[in-house]
Amino acid sequence: MSGEKFLGELVEGWVQPERPSGAVLTGQFAYLEPLDADKHSADLFKAYSADTAGTNWDYMPYGPFSSHTGYHRWVKDITAGNDPFFYAVYDLEQHCYCGVASYLRINPRAGSIEVGHINFAPGLQRRAAATEAMFLMMQWAFDAGYRRYEWKCNALNLVSRRAAQRFGFSYEGVFRQAMLVKKRNRDTAWFAAIDAEWPALNAAYSAWLSPRNFDPDGQQIEKLGDLTGLVRVAADPALQ
């Protein structure tokens, strides 16, 4: 109707999703289970000890930890609530727990959820299990009914920004002076994927994770970033 105000697209039939409740997420290279200090902290602390330079903790608001006792206490404290909701990542090929990731800023009323606190030990980095862990968490969120899946990181953390883009998140900008971390300013880069993009992202991940995409030495044939690049609506200018 001429002159009628447009106040936004109507969202009909959407049902508010549940909060993460501890379902084990299982794939062909990895599985994820709720982080537990007594079960996982010793293996994780050992895996992180391979990071002798401590670079895994550069952009984290906590760590590094000098002892298993200190790390155990941190895990105990961070898992006491339900936001963030942490998972331990088990690499099925290496037979070890070697990373964590979490859901956070969980807002079922808005249909929004974020993935963060991603800390993969050196032995997990650049492995299919690491990629599949991110896929499994994204899959759960969209299958549960979330409309928006976010990734945020320190704007100086180009490794994280590259990962976000590779995993299919679209760049949404930088929030200047968003917080203080370890007494330092943090500008925060924002990325997100939305439910309308999920079917194409799901297909991209499925193609990448297919056994046909790996040569006899286990090397990828087609890059995930090339597949997700067909879906992303905005690229990160810092990576051009």
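The values are calculated or read from the model by the stated rules, or taken from the named source; none is laboratory data. The shown structure was predicted, so the numbers you read here are calculated from the model rather than taken from an experiment. Quick reminder, even Gly has a Cβ in these numbers, built from the backbone with ideal geometry, and neighbours come from all protein chains shown. These area figures cover heavy atoms from the full protein model, side chains too; ligands, DNA and RNA do not enter into them. Shrake-Rupley method; radii C 1.70, N 1.55, O 1.52, S 1.80 Å.
Out of curiosity, is Ala133 in contact with a strand residue (DSSP E or B) (Cβ under 8 Å, 6 or more places away or on another chain), surrounded by 15 or more Cβ atoms within 10 Å (Cβ to Cβ), within 17 Å of Gln28 (Cα to Cα) and at pLDDT 95 or above? Even if it seems obvious, please write down each step before you answer.
On the way: in contact with a strand residue (DSSP E or B) (Cβ under 8 Å, 6 or more places away or on another chain): yes; surrounded by 15 or more Cβ atoms within 10 Å (Cβ to Cβ): yes; within 17 Å of Gln28 (Cα to Cα): yes; at pLDDT 95 or above: yes.
So Ala133 fits the description; yes.
Out of all the residues in the range 106-124, which are more than 13 Å from the chain's Cα centre (by Cα), within 25 Å of Phe65 (Cα to Cα) and open to solvent by 40 Å² or more (accessible area, probe 1.4 Å)? Walk me through how you get there before you give the answer.
We begin by selecting, within the range 106-124, every residue more than 13 Å from the chain's Cα centre (by Cα); these are 106-112, 121-124.
Narrowing the set further to residues that are within 25 Å of Phe65 (Cα to Cα) leaves 121-124.
Result: Pro122, single match.
Hey, can you tell me all the residues within the range 181-236 that are surrounded by fewer than 16 Cβ atoms within 10 Å (Cβ to Cβ), β-branched (Val, Ile, Thr) and either under 30 Å from Gly63 (Cα atoms) or free of Cβ contacts under 8 Å to residues at least 40 places away in the same chain (or both)?
Val181, Ile221, listed by residue number.
Being open to solvent by less than 90 Å² (accessible area, probe 1.4 Å), out of contact with any His (no Cβ under 9 Å at 6 or more places or on another chain) and among the hydroxyl-bearing types (Ser, Thr, Tyr) is the requirement here; does Ser49 meet it?
Numbers: open to solvent by less than 90 Å² (accessible area, probe 1.4 Å): yes; out of contact with any His (no Cβ under 9 Å at 6 or more places or on another chain): yes; among the hydroxyl-bearing types (Ser, Thr, Tyr): yes.
Against the criterion (open to solvent by less than 90 Å² (accessible area, probe 1.4 Å), out of contact with any His (no Cβ under 9 Å at 6 or more places or on another chain) and among the hydroxyl-bearing types (Ser, Thr, Tyr)), Ser49 qualifies.
Which ranges mark the strands (runs of 3 or more DSSP E) fully within the range 145-229 that have 2 or more residues being aliphatic (A, V, I, L, M) and under 21 Å from Ile113 (Cβ atoms)?
Working: elements: 148-154, 170-181, 184-194.
It comes to 170-181, 184-194.
Does Asp58 meet the test of being surrounded by 13 or more Cβ atoms within 10 Å (Cβ to Cβ) and among the charged types (D, E, K, R)?
Considered against the rule, which asks whether it is surrounded by 13 or more Cβ atoms within 10 Å (Cβ to Cβ) and among the charged types (D, E, K, R), Asp58 comes out as yes.
For the range 136-159, give me the residue count where each residue is within 13 Å of the chain's Cα centre (by Cα) and open to solvent by less than 20 Å² (accessible area, probe 1.4 Å).
Number satisfying all stated conditions: 8.
Would a scan of the range 6-28 turn up a residue that is among the aromatic types (Phe, Trp, Tyr), open to solvent by less than 50 Å² (accessible area, probe 1.4 Å) and over 24 Å from Gly145 (Cβ atoms)? If you could, list the steps in order and put the result at the bottom.
Restricting attention to the range 6-28, the residues satisfying the condition of being among the aromatic types (Phe, Trp, Tyr) are 6, 14.
From what is left, the residues that are open to solvent by less than 50 Å² (accessible area, probe 1.4 Å) are none.
No; the residues of the range 6-28 include none that is among the aromatic types (Phe, Trp, Tyr), open to solvent by less than 50 Å² (accessible area, probe 1.4 Å) and over 24 Å from Gly145 (Cβ atoms).
Filter the range 5-51 down to the residues that are aliphatic (A, V, I, L, M), modelled with pLDDT under 95 and within 19 Å of the chain's Cα centre (by Cα) and list them by number.
Taking the range 5-51 first, the residues aliphatic (A, V, I, L, M) are 7, 10-11, 15, 23-25, 30, 32, 35, 37, 42, 44, 47, 50.
Cutting the leftovers down to modelled with pLDDT under 95 gives us 7, 10-11, 23.
Listed by number, the list holds a single entry, Ala23.
Contact list please: Cβ distance under 9 Å, first residue in the range 10-31 and under 27 Å from Gly81 (Cβ atoms), second residue β-branched (Val, Ile, Thr) and in a loop (DSSP other than H, G, I, E, B), pairs at least six apart or on different chains.
Going by the 9 Å Cβ cut-off, the qualifying pairs are Tyr31/Val24.
For residues that are assigned to a loop (DSSP other than H, G, I, E, B) and farther than 12 Å from Ala129 by Cβ, scanning just the range 29-38, find the one that is most open to solvent (accessible area, probe 1.4 Å).
First pass over the range 29-38, keeping only residues assigned to a loop (DSSP other than H, G, I, E, B): 29, 35-36.
Keeping just the survivors that are farther than 12 Å from Ala129 by Cβ gives 35-36.
Values: Leu35: 15, Asp36: 68 Å².
Only one residue fits best here, namely Asp36.
State whether the residues of the range 227-235 include one that is out of contact with any helix residue (DSSP H, G or I) (no Cβ under 9 Å at 6 or more places or on another chain) and modelled with pLDDT of 95 or more.
Going residue by residue through the range 227-235, those that are out of contact with any helix residue (DSSP H, G or I) (no Cβ under 9 Å at 6 or more places or on another chain) are 234.
When the remaining residues are screened for being modelled with pLDDT of 95 or more, the result is 234.
Yes, the conditions are met somewhere in the range 227-235.
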